[in-house]
1. Specify whether the C-alpha gyration tensor of region 809-895 places it in the rounded, prolate or oblate class, a ≥ b ≥ c being the square roots of the eigenvalues: rounded for a/c under 1.5, otherwise prolate if a/b is larger than b/c and oblate if not.
2. Straight-line reach from Lys411: which aspartates and glutamates have Cα under 17 Å away, leaving out those fewer than 8 places along the same chain?
3. Could you run the Debye sum over the Cα atoms of region 154-242, one equal point scatterer each and no solvent, and tell me log10 of I(q)/I(0) at q = 0.15, 0.20 Å⁻¹, two decimals?
4. At 1.4 Å probe size, with the rest of the protein present, what percent of the exposed accessible area of region 848-935 is carbon and sulfur atoms?
5. Does region 521-650 come out rounded, prolate or oblate, given a ≥ b ≥ c as the square roots of the eigenvalues of its C-alpha gyration tensor, rounded meaning a/c under 1.5 and, failing that, prolate meaning a/b above b/c?
6. Please arrange Tyr845, Tyr815 by accessible surface area, largest first, computed with a 1.4 Å probe and ligands excluded.
7. Pairs to check: Lys634/Lys706; Lys765/Lys785; Lys433/Lys664; Lys634/Lys742; Lys841/Lys897; Lys859/Lys894. Give those whose C-alpha atoms are more than 23 Å from each other in this structure.
8. Taking the Cα centre of each part, how many Å lie between region 356-423 and region 890-908?
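The values are calculated or read from the model by the stated rules, or taken from the named source; none is laboratory data. None of these values were measured; they are calculated from a predicted model. Backbone-built Cβ (ideal geometry, glycine too); neighbour counts: all protein chains shown. Just so you know, the surface numbers come from the protein's heavy atoms only, side chains and all, with ligands and any DNA or RNA stripped out. Shrake-Rupley method; radii C 1.70, N 1.55, O 1.52, S 1.80 Å.
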Amino acid sequence: MTETGPAEGMSDTNEQDAAKGRLSLGRGRLELGKTVDAGSVRQSFSHGRSKIVQVEVVKKRVLPAATPLPRPPAAPGAAAPLPQAAGRAPAQASAAPAQTQAPTQPATAAPRGPAAAAPRSPAARQAAPPRPGPGAPRQLTAEERAARTRALEEQLREQRRREAEAQSISVLSAAEEARKRAEEEARRRAEEEARARAEEEARRRAEEEARRREEAESKARAEQVEARRRADAAAERAEARGRAAAPAALRPAAAPAVETTLRLRDSREEDDDGRPARRAGGSAGAPKRPVLAAVKRGLVDRLGRAGKLNVAAVLTDEDERVRSLASYRRQRERERRQADAERLRSGEVKVVREVVIPEAITVQDLANRMAVRGADVIKTLMRLGVMATITQSIDADTAELVVTELGHRPKRVSESDVELGLEGATDEESALKPRPPVVTVMGHVDHGKTSLLDALRQTDVAAGEAGGITQHIGAYQVTLPSGAKITFIDTPGHEAFTALRARGASVTDIVVLVVAADDGVMPQTVEAIRHAKAAGAPIVVAINKIDKPGARPERVRTELLAHEVVVEAMGGDTIDVEVSALKRINLDKLEEAILLQAELLDLKANPDRAAEGTVIESRLDRGRGPVATVLVQKGTLRQGDIVVAGAEWGRVRAMLDDRGRQVKEAPPSMPVEILGLSAVPAAGEPFVVLQEEGRAREISEFRQRKLREKIAAGQTAARGTLDQMLARIQAGEQKEVAVLVKADVQGSAEAIAATVLKLGNDEVKVRVLHSAVGQITESDVQLAKASNAVIVAFNVRATAQARDLAQRDGVDIRYYSIIYDVATDIENLVKGKLAPKEREKFLGYAEIRRVFEITKVGKVAGCMVTEGVVKRGAGVRLLRDGVVIHTGELSQLKRFKDDVREVARGFECGMAFANWQDIREGDVIECFETETVPA
């Protein structure tokens, strides 16, 4: 009989697993079963966590009760796997399944048949193979033993796997439990800290409340002492009146009068705010002074209850509560305020106010500031001879007279007062620290300024400039191998960029004057010298291009003497260095000269203050918005600061150095690009950092308003006076060329506007409608169309919508990258607007040989053409002794009796003048014609 399956209580899944793990050979055959059943149980805990636990059920092996027959020796081939299975670990041996097929008959059954009864010899028994008896178990074959071994190994692997899973689950459970304990400990600690803070806050509030209560009680005690003193004085006066008229004091009518004037409260009565009196009652003895003779019977009882005697107890037997002293004080204060307001309404008291008067103010606003009626202000103005309505504006002087007339104090203010205190205070000497020098590179165009700066910075800026010339102002900072820093400002050399050179000279410490050794001193070199002298900056002369064959440095030094620049080689104090930007010759000497000059200047600044500086250049970037290149001169500029630059303001969103790297702060003498301004500021404007956003917006609005007024005044002045307008109307409308300028940076826009304005003349005027930075938009095209203007685009392009609109409306957009081309094209436009000129063309001379008188015709001159040709209808001048006496036209030209068109040299002809008869023999006739040529 086989053993039963898994233990009772296992799940269906475990039963299926057990059935799969049992190897059965059928009834009467060997059957392999498991003695260990494994399963899993999920445990649930109260805090929501669950755990899977592996459960094993070990069954006891049951052997048959009958005595087994002695086991015959095993075959040699089958004895090999048994020791291997028997030599395993105890755990494996305990898990091995027992034989499921047991013998069902007794082991000593008698043999059947005669063959069984025949005895065998020992040799025969030894030679014959062992055969099991009828009841003995069957020996396993090799395949069965191999299957049994595989089943044992598979069960062992399964058991190890389950043990590993159980161990990992226990480790995870322990980690989860530790984490929850840590969270619980942190939460408990936070609750304890919060409870401690709450207790500390409650204790502090209780102490504060006790202190306030103690102060209130001390104040109440002081008031009680004062009231008691006043009551004693009133009692003394009442006693004096009682002694003077004792019979009258006993009349009932006298009691209410005294009670309504003064009555002290009992010490056990409550205060006006509900708190009981803290002062204990006094003794019940008699008062120091004698009381009135007529004392009622209940007085003694009340005296014993109250503990002290007062006037109210003597004069009346009523115990109702009366108003407290604080209530009386509040009522008196209320009555006083009402009386003051009544006096103000009646005009008995005049309130003098300080009235702030701006540059212009309306009558209504002025009345509101003085708190008077608008009609009163209008009456005052009429007395002063000014007729104004309530909405009209009056000037500051008139408003001041009105304020003084109405008895107030005027205070004059100006709109520009918003800029007071904009610049910081003067720095103390102890707060100043050394700063890098600011060096401006100046000189004539194409003398190598940008190439020299590129060699110092080891970059190539000149290659990116159109036409090979610098047309933008740039600011860079160079760090030398020694660690010293120098800030360079590169300025254009073209004559149109005068404003940029002046701007660079105004913010510089040292001017490096670059002069080409093969070209000498040029006009822009002289202009740079003037700018440097106007700024008071020392000059360092850099004689460039010494590597060229035609270089003559001595010529440069000699030409500089004419402009009061004496170099050290000539006995002066100006440092000069011969350099070559292309070959990088003597660049270190130039840096040493700059640092030496900076050391002599002793440049210092305070970095621990609000930043101040100058806008070097500005532009409108399509992706980043308004971008301004600024040079910090004082303080430190930080990201997030509120900046006012000219008429614009904003918060610094980002800062970039000269190589495009983001920086968080900029110390003194460092050039940076800032983003975040409301619009593109004007180049050359100062910038400051403010603490308040409201003040920055107010200053920006004031400056923008002033700028609009200035532009409007310039347009009005351009139109001229009425007489000038009438004169232009009589002489004919003045012609003009309207130009709208859009450039990539503010400095280029200024230079182009200044260049085109110089091209105008008396007959044709050049007018710049608008000058700004950024790409061309639809509004620019519409403005140009309304004014019939030409759009000059310098290094910018039009948007797709603006380009389509310009093509549809016929607006001319001209793109440029070199300023030379701009000047040439605008000059041609101006010339095209000029009226064509009339020029005289000489034809010939004719000498009058004889004068004929013809009836009805007049005088006719017989002439000989001596030079050139004479044409009919041409202009003539009559010359007598070399003096022009008449200019007119020929009315007739005849040869013999025939009219001819012209007469050549050497032929005779007859000529008659239109409306002129004073001709004589010997006069000379000059013949000419007028032709029209373009201006």
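1. In terms of gyration-tensor shape, prolate.
2. Glu354, Glu359, Asp365, Asp395, Asp397, Glu400
3. Result of the Debye calculation: -0.84, -0.98.
4. Roughly 47 percent, rounded to a whole number.
5. Here region 521-650 falls in the prolate category.
6. Descending accessible area places them as Tyr815, Tyr845.
7. Distance filter (> 23 Å) returns Lys634/Lys706; Lys634/Lys742; Lys841/Lys897.
8. Using only Cα atoms to place each centre, the spacing works out to 88 Å.
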